[in-house]
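See below for the structure under consideration.
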Amino acid sequence: MVSGCKDAGFRELDVAAKNKASVQTAREVLGQVQQGLRSFYEAKHRYPTTTEAHLYDSIRNFIATELDPIHLYRNENGKGYFIAVGSRTERIIYRYPPSIGTGDYTLYWVGPNGVDEDGEGDDLDAFSTLDTTRRFERQRLANLIGGRDPLRLIIIRTGTNIFKDSVRLEVANHDSILYRDAWPLSAYFKQRPELTDADRKRLIRTELDHFFSPGAFVKTDSLLDHDWSKWADVAPQTTEMGEIVHSGELMFNYYSGDRGSKGIVWLPSKHKFVVVWKS
């Protein structure tokens, strides 16, 4: 029995060592991929518009140090390769435009558990230098200023304490923040005392996961189709409404729990975002 316990202990240490080695290897592979993406960008002035299924095929000629073939797996259709560290299920995930994190693109490894957890859990973010629990970050590119480059909308959960931490929303143009708002996580469940903590966490996650859904973006001139031509049914009334209702600008709507919902629009005359309605 003593020998069996020792064996079990050694097995646990062996698994931990293997995972640590995998994390280190994944970091090295992520670094090679990032170098390839930088070279691709320098050559083409853009990032590959593909997914992880064909990422390697897009950047293979731009990677200075060739990837070890052990990390390459045939795609399901047999045309090209995808990158994984450890096994087929432990993939390198790539998204452009970015959807997770605040980098120019989304790049992470799904971790030793082989489960894609949208950049959380044991997923390893290429932009993170620490193997720690990462905060919830999502982003979306949207052309909220007509005729200009898309802006970056970023939603960040500042921590995991549902009673003390907050949600932060930013609309950025390169390094400039054009709009910012924040509210407590508790705003999503404050009016529902019957919920358990597990229910509250699920509710918060559901709200944040749908934050940048297509329905959150509405053309302002489409509001006229809802008999709001005079904005009589929208509160509060603002002087900006008349300017934007016929303009066809893209309005972004978001829900901040008991703080209500807001619709923000870029107002050219003031060169800034304004809240044109609340509910």
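Taking other C-beta atoms within 10 Å as the exposure proxy, 79, 219 rank 79, 219 from fewest upward.
Between the beta carbons of residue 117 and residue 219, assuming R0 = 51 Å, the FRET efficiency works out to 0.90 to the nearest 0.05. Using R0 = 45 Å, the C-beta based FRET efficiency linking residue 211 and residue 64 works out to 0.75. Each of residue 253 and residue 51 was given a label point 7 Å from its Cα along the Cα-to-Cβ line. The distance between the two points is 2.9 nm. Annotation: extensible slack from residue 192 through residue 163 equals 9.1 nm (criterion: 0.36 nm per residue apart, minus Cα-Cα distance).
In the calculated pair-distance distribution of segment 86-188, the portion above 18 angstrom amounts to 54 percent of the Cα-Cα pairs.
Counting beta carbons within 10 Å around each of 174, 210 and listing the fewest first gives the order 174, 210.
Values quoted throughout were computed directly from the atomic coordinates according to the rules given, and no laboratory measurement underlies them. Everything numeric in this text was worked out from a predicted model, so none of it was measured. No Cβ is skipped: glycine too gets one built from the backbone with ideal geometry, and neighbour counts run over all protein chains shown.
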